[in-house]
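As structure tokens, the structure follows; a few thoughts come after it.
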Amino acid sequence: MTTTRRPAPTLPAPTLEEARRRDAADPLAGFAGRFHPVPPGALFLNGSSLGRLPAATAALMEEVVRGQWGDRLAQARTQWLDLPRHLGDRMAGVVLGAEPGEAVVSDCTSVNLYKLAVAALRARPGRRTVVVEDDNFPTDRYVMAGVAQDAGGELRTVPADPDLGLDLEVLRAALDESVAVVCLSLVSPRSGALLDMAAVNEAVHAAGALVLWDLSHAVGAVPLSLTACGTDLAVASTYKHMLAGPGSPALLYVRRGLQARTTQPVQGWYGHREQLAMRREYDPDPGIRRFLTGSPPVLSAVAAGAGLDLLAEAGLERLRAKSVALTGFFQALAETLLVPLGFRLAGPPDPAARGAHLTYGHPLARELVPLFAEAGVFVDHSLPDRVRIAPVALSTRFTEVYEAAHRMRRVTQDRMADRTDHREGNRGESGGSAV
Ligand SMILES: *Cc1c(COP(=O)(O)O)cnc(C)c1O
């Protein structure tokens with residue numbers, strides 16, 4: 001591309017009236033009341049670490065624990081056998097843009113990464129290189145390193161820009177006929193940079209390899225169309241934007257056309273063609289069930305259904321529009337409130353080029369995040385010196401974003417004043433970390 005991009009014009013700082021106007025016009029405003037209330041005064045902007053608790057989840061858990069487990073005893077068991085498949089079908093439709101029979105929930109994201117990376121290597125005999133990028137979540141890298149080692153192959157790391165994400169040309173340059181699989185996050189866990197799924201798939205397919213997508217920061221936040229993009233393999237955690245709760249089982253997706261030709265290494269009874277026949281030999285199910293292993297965590301899987309109901313009702317397009325507006329609103333506030341205090345946008349400046357979170361660098365990030373929490377603003381610290389801000393599109397109001405940015409400014413000003421006082425009172429001493 002040869003077009004030069006101009007930086008977006010700086011808008012005047014949004015006012016409280018503007019925030020109120022936007023809340024009044026928000027078609028998703030009613031969803032805030034569908035969540036368990038946060039403590040008084042709390043502003044939750046940490047939706048990419050753990051999604052909020054839907055109010056319906058607690059009642060659903062009560063029904064499953066007391067009603068099904070307690071009162072109906074083991075009779076309820078049979079309805080749980082199909083839970084991984086049933087939930088996977090619903091998630092395929094609501095968040096993945098995939099077909100029924102292409103997704104299941106099972107295990108955690110790390111284990112699903114392992115299963116699908118091995119499956120990919122088996123599907124590309126003769127190729128033993130696994131490609132990762134250096135800014136991905138550590139677990140992805142650890143798992144891929146182990147898989148490459150077991151295959152007697154190479155782990156090839158491509159550099160990604162810590163703010164703007166992976167450049168497609170850099171990825172292309174790392175591909176050759178030894179590469180079996182490329183593992184990437186669609187939305188960078190740190191910077192929030194959003195990759196072009198179709199373009200990456202096309203580049204990797206042209207080199208004869210498969211792509212294994214980690215959609216942990218994308219599902220439930222960014223509308224996806226895995227089928228239309230020709231996506232091969234994907235995993236995702238469900239306790240972030242999917243609102244499924246701590247320890248909820250992860251998503252696993254395999255394109256239908258690939259399923260019968262791929263096998264996974266953790267062969268368990270849930271993956272057997274006739275699960276309840278108790279056959280002597282392992283014979284994998286012809287479809288997506290072959291990627292399952294054992295019993296799902298039923299309570300967590302059931303809880304995932306309540307979060308999914310909310311996402312389905314709101315619709316991913318409307319969610320995304322609100323999310324883009326919320327992060328853009330924070331960005332506009334930060335320009336005048338936080339950037340003058342040393343905050344630096346450490347992600348793509350265009351809200352359409354990132355997922356549902358935005359990241360700022362600040363030399364005091366590690367100290368500031370707990371101080372923000374004391375002031376009731378819940379955001380996340382990411383290494384080495386970043387603050388990650390993730391409004392929850394379904395429950396965060398524009399007035400809350402307005403208030404959060406102002407509180408963050410006050411806390412930062414106080415902290416910086418403390419340091420100045422401290423330094424002036426201790427001339428000659430060099431304690432603590434310098435800005
Ligand atoms: C949150 C997250 C995970 C979580 O992995 P688990 O094995 O489910 O704990 C994995 N990858 C990415 C990119 C994540 O953001």
| Share antiparallel - DSSP beta bridges, the stretch 81-312, percent rounded to 5 | 40
| Can you give me the relative contact order of the stretch 234-353 as a percent, contacts being Cα pairs under 8 Å and 6 or more apart? | 24
| How many Å² of accessible area per residue for the stretch 301-435, probe 1.4 Å? | 41
| request: Could you check the simple spin-label distance between Ala24 and Met278, using points 7 Å along Cα→Cβ, in nm with one decimal? | output: 6.8
| Inter-probe distance in nm under a simple model that places probes 7 Å from Cα toward Cβ, at Asp421 and Asp150 | 5.7
| task | Keeping the other protein chains in place, figure out the carbon and sulfur percent of the accessible area of the chain, with a 1.4 Å probe. | result | 55
| query | So, with +1 on the Cβ of K and R and -1 on the Cβ of D and E, and no other charges, what is the size of the charge dipole of the stretch 274-419 about its Cα centre, to the nearest 20 debye? | reply | 260
| Which distance in nm do the two modelled labels at Met61 and Asp350 give, with both placed 7 Å along the Cα-to-Cβ direction? | 4.2
| Sorted by packing (mean other beta-carbon atoms within 10 Å per residue), highest first, where do 50-61, 223-234 land? | 223-234, 50-61
| Taking the Cβ of Gly165 as the center, what net charge do the other residues with Cβ under 11 Å away carry, scoring Lys and Arg +1 and Asp and Glu -1? | -4
| said: Let me check against my output: what whole-number percent is the relative contact order of the chain, with C-alpha pairs under 8 Å and at least 6 apart? | reply: 22
| request: First check a/c for the stretch 38-107, with a ≥ b ≥ c the square roots of the eigenvalues of its C-alpha gyration tensor; if it is under 1.5, answer rounded, and if not, answer prolate when a/b is larger than b/c or oblate otherwise. | output: oblate
| task | Specify whether the C-alpha gyration tensor of the stretch 174-285 places it in the rounded, prolate or oblate class, a ≥ b ≥ c being the square roots of the eigenvalues: rounded for a/c under 1.5, otherwise prolate if a/b is larger than b/c and oblate if not. | result | oblate
| request: Please give the peptides 144-152, 237-245, 413-421 ranked by average Cβ packing (other Cβ atoms within 10 Å per residue), highest first, as a rough proxy for protection. | output: 237-245, 144-152, 413-421
| Cα gyration tensor of the stretch 2-119, axes a ≥ b ≥ c as square roots of the eigenvalues: rounded (a/c below 1.5), prolate (a/b > b/c) or oblate? | oblate
| query | By how many nm would the segment from Asp71 to Asp385 lengthen if fully extended, with 0.36 nm per residue of separation less the alpha-carbon distance? | reply | 107.9 nm
| task | Pop out the ³J(HN,Hα) list for the stretch 129-145 in order, Karplus 6.51 cos²θ - 1.76 cosθ + 1.60 with θ = phi - 60°, rounded to Hz; leave Gly and Pro as x. | result | 8, 10, 9, 10, 10, 7, 10, 6, 4, x, 4, 4, 5, 4, 4, 5, 4
| task | Write down the radius of gyration of the stretch 117-239 and its Dmax, each obtained from C-alpha positions, in Å. | result | 13.2, 37
| request: Kindly provide the helix-only [θ] at 222 nm of the chain, computed as the sum of -39,500 (n - 2.57) over DSSP H runs of four or more divided by all residues, to the nearest 500 deg cm²/dmol? | output: -11000 deg cm²/dmol
| Can you pull the three principal axis extents for the Cα set of the chain, in Å, largest first? | 76, 57, 46
| What dipole magnitude, in Debye to the nearest 20, does the chain give about its Cα centre under +1 on Lys/Arg Cβ and -1 on Asp/Glu Cβ? | 420
| Tell me, Kirkwood radius of the stretch 81-312 from alpha-carbon pair distances, in Å? | 17.5
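The values are calculated or read from the model by the stated rules, or taken from the named source; none is laboratory data. If you're wondering where the values come from, they're calculated on a predicted model, not measured in any experiment. For neighbour counting, all protein chains shown are included, and Cβ atoms are generated from backbone atoms with ideal geometry for every residue, glycine included. The protein model used for the area step is the full one, side chains on, heavy atoms only, and it has no ligands, DNA or RNA in it. Shrake-Rupley method; radii C 1.70, N 1.55, O 1.52, S 1.80 Å.
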